[in-house]
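Please read the structure below before turning to the comments.
The values are calculated or read from the model by the stated rules, or taken from the named source; none is laboratory data. Keep in mind that this is a model prediction, so the values were computed, not measured. No Cβ is skipped: glycine too gets one built from the backbone with ideal geometry, and neighbour counts run over all protein chains shown.
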Amino acid sequence: MRISPTKFISLLFLVLSVFYLYTAYNIQVFAFDENAPFNARTFPIYLGWAGIILSSLKIILPEKVTTEVNHKHLDYKSIIYLIVISLIYAAVILKIGYFISTSLFLFASYYFLGERRWGLMFILSFPFVAAFMYLLHGLLNIYLRDPFLKYIGVMG
Amino acid sequence: MIEGILIGLSTALSLTNILMVMVGCFAGTIIGMLPGLGPMTAIALMIPITYGFDPSTGLILMAGVYYGAVFGGSTSSILLNAPGIPGTVATAFDGYPMAQQGKAGKALAIAAYSSFAGGTISAIFLLVAAPSLSKVSLAFRSPDYFALMILGLTAISAFSSKGQFLKAMMMVVLGLMLATVGQDSLSDITRFTFNNMNLTDGISFVLIVMATFAMSEALTIIFRGKDPNRAAKQISLTELGSIRVNKEETIKMAKTIPRSSILGFLIGVLPGAGATIASFLAYGMERNYVNEEEKQKFGKGSVHGLSAPETANNAACSGSFVPLLTLGIPGSGTTAVMLGALLGFGIQPGPRLYQTNPEIFWSVIMSMYIGMVVLLILNLPLIPYIARILAVPRNYLIPLILFFSVTGIYLMSFNNFDIFLMIGIAVVATFLRLYDFPMPPLILAFVLGGLMEETLRRSLLISDGSPNFLWDRPITLIILLITITIVGWQIFSTLRKKS
């Protein structure tokens, strides 16, 4: 039996709702609040049941409108590259600082999306980020944490 | 009142304040245009700057930023289908298809005229009716608010789901579930944090918006890059087309604007409702008003469908100032940020603001109208040039959208957990969008989640746990009946399609 992607997503949502409901029932409330008409559990419990009912209906009822996606037309390679670059960016931003990590992230993203105009890629990464940082930090006085620039004495 | 208007005019028309309105509108437009950055971020960025000004000038600058950002949000909604703020999500329903048909310039002009008209009409309403309108919002009690929020969520599911009501309702529940993460507002009990300290304060609204709109939109553009049908539909941002609006379109706008202005203003007055609900309700209302032929055009580039939410969201912006200025209750997230700024100036908004600081009360109202004029005179002719900001090739635009999204989140928290969380939510949202699970209902549900729980809590405590609060008050009952009608209509439409 072939299950449609929409029903599969609904099934995942059903599992999420069951887990959410289970967690909601296990929220620790104060003893005096246990039998109150409304406590920290009430709203999540309603939501859990609503999620279960809606996803079950979606799974059970026949699909009137089907969403067809042609996987041959999806660019999995580029999106995986972008997600991986973003994850690496998130992982290093605190360690090597905002300026270098952001500039490298932009440069790498342009490259993996097929750009090869090196001069433009450079301008739209390092100087662009520097100008943006100046706008935030220098003109608008919005603090931007950057241990590297602080270390080399560019930022106070 | 005449004396007040004159005081307001003399303050708002000083050279410094006119300059501030212009700077605010322009800066707001640029910031609001960038996907993921909305008026809340723009105003928050302005708060430190305004401390150097006197309160009137500071508030005038922020009001200008507010209007500019709403207008800028519409621009990115129309050109990129990436709304900067939830209030302009409904604008994308017809604005984006219109842009895909090569009429981006026209769509932007319709949005600008509608915003101007909506803002102007509601500024007049605000001027004349501010004191008495505050009584309308005072008449609303918790059960009414709860019912109104249910109505808003049902309406958005019905009107944004392209006939897939259940999928939209699932997204509503998901949005509400995400809103429950973090500390419970009353008891401070942590929920769904799984002992992770980063989740104690809940998930930030900006993070959810950035992930489900800006970042997910960027990923979707890349993901569907090989789709020949999709590629053919990409907008040529360098060819925005004419910004001229023909007679037929003007007539359509003239019919839509008055009713959407009234609706937008009234919804804006209600604390918590704001531009988002106003724009969705106006879109839904307009769809019901037009004839069958026009109805078929909704979602495919309808003038009515574009004009209605644009008029209503600007009208609601003015409306949201009513409870802020007269009651001290913010009507939206953005006015909540402004409330913080007012308190920073040592001003307590409320009924006494008339007496204690009349120049502030009236100058803000006057500057709203001046802001509208500035937006039309300054921004409309500049649209083709301002929009060039977005007319950069895909290979550059996508990384830049990701850059602004990540920077926005990094500036808020300076930790990388939020960035990881945003990437995770964006990836899930991208797959959900692929299978037509709509994101607007999730966003609205997330925004309203906290307030909805609060009003439900109050309603249930007042009625001692009984569900009677749903039909005890006539206003609640009427709102609920409208909600039931919408759900019933969805079921009826589905059955009719089947037969």
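Annotations
- Candidate set: the stretch A:126-146, residues that are in a helix (DSSP H, G or I) and modelled with pLDDT under 80; chosen: the one farthest from the other protein chains (Cβ to nearest Cβ): A:Gly138
- Pair list, Cβ under 7 Å, 6 or more apart: the stretch A:72-87 residue facing chain B (nearest Cβ under 7 Å), other residue of a type in the set (Asp, Glu): A:His73/B:Asp227
- Residue check, A:Val69 part of a loop (DSSP other than H, G, I, E, B), in contact (Cβ under 8 Å) with a residue 12 or more places away in the chain, out of contact with any helix residue (DSSP H, G or I) (no Cβ under 8 Å at 6 or more places or on another chain) and within 10 Å of chain B (Cβ to nearest Cβ): no
- Tally of residues being touching a residue at least 60 places away in the same chain (Cβ under 8 Å) and more than 7 Å from every other protein chain (Cβ to nearest Cβ) across the stretch A:1-19: 1
The rows are residues; the columns are (1) at pLDDT below 75; (2) surrounded by 20 or more Cβ atoms within 10 Å (Cβ to Cβ).
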| position | (1), (2) |
| --- | --- |
| B:Gly333 | yes, yes |
| B:Gly344 | yes, no |
| B:Tyr354 | yes, no |
| B:Phe361 | yes, yes |
| B:Gly371 | no, yes |
| B:Leu378 | yes, no |
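- Of all the residues in the stretch A:20-58, those that are among the aromatic types (Phe, Trp, Tyr), facing another protein chain (nearest Cβ under 10 Å) and either exposed (fewer than 13 other Cβ atoms within 10 Å of the Cβ) or not in a helix (DSSP H, G or I) (or both) number 2.
- Just one of the listed residues (B:Leu442, B:Leu448) is crowded, with 24+ Cβ neighbours inside 10 Å, at pLDDT 85 or above and more than 10 Å from every other protein chain (Cβ to nearest Cβ), namely B:Leu442.
- Residue in the stretch A:113-144 that is surrounded by the most Cβ atoms within 10 Å (Cβ to Cβ), counting only those that are farther than 20 Å from B:Asn395 by Cβ and touching a Leu at 6+ places or on another chain (Cβ under 8 Å): A:Met133
- The listed residue being among the β-branched types (Val, Ile, Thr) and at pLDDT below 90, out of A:Thr66, A:Thr23: A:Thr66
- Extreme residue, surrounded by the most Cβ atoms within 10 Å (Cβ to Cβ), among residues of the stretch A:94-112 that are modelled with pLDDT under 90 and of a type outside the set (Phe, Trp, Tyr): A:Gly97
- Checked against (1) modelled with pLDDT of 85 or more; (2) within 14 Å of chain A (Cβ to nearest Cβ); (3) farther than 30 Å from A:Tyr111 by Cα; (4) surrounded by 20 or more Cβ atoms within 10 Å (Cβ to Cβ), B:Leu432 passes all but a single condition, namely (3).
Residue-wise test of (1) of a type in the set (S, T, N, Q); (2) more than 12 Å from B:Asn313 (Cα to Cα).
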position	(1), (2)
B:Gly68	no, yes
B:Thr75	yes, yes
B:Asn81	yes, yes
B:Thr88	yes, no
B:Ala92	no, yes
B:Ala99	no, yes
B:Gly105	no, yes
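- Contact map, the stretch B:405-420: first residue facing chain A (nearest Cβ under 7 Å), second residue surrounded by fewer than 21 Cβ atoms within 10 Å (Cβ to Cβ) and at pLDDT 85 or above, Cβ cut-off under 7 Å, separation 6 or more or different chains; pairs are B:Asn416/A:Ala91; B:Asn416/A:Leu94.
- In the stretch B:459-481, residue nearest to B:Leu166 (Cα to Cα) [restricted to those that are under 28 Å from the mean Cα position of the chain (by Cα) and surrounded by fewer than 17 Cβ atoms within 10 Å (Cβ to Cβ)]: B:Leu481
- B:Ile398 more than 9 Å from chain A (Cβ to nearest Cβ), touching a helix residue (DSSP H, G or I) at 6+ places or on another chain (Cβ under 9 Å) and part of a helix (DSSP H, G or I): no
- One residue alone among B:Asp418, B:Asp436, B:Asp464 is assigned to a helix (DSSP H, G or I) and of a type in the set (Asp, Glu), and that residue is B:Asp418.
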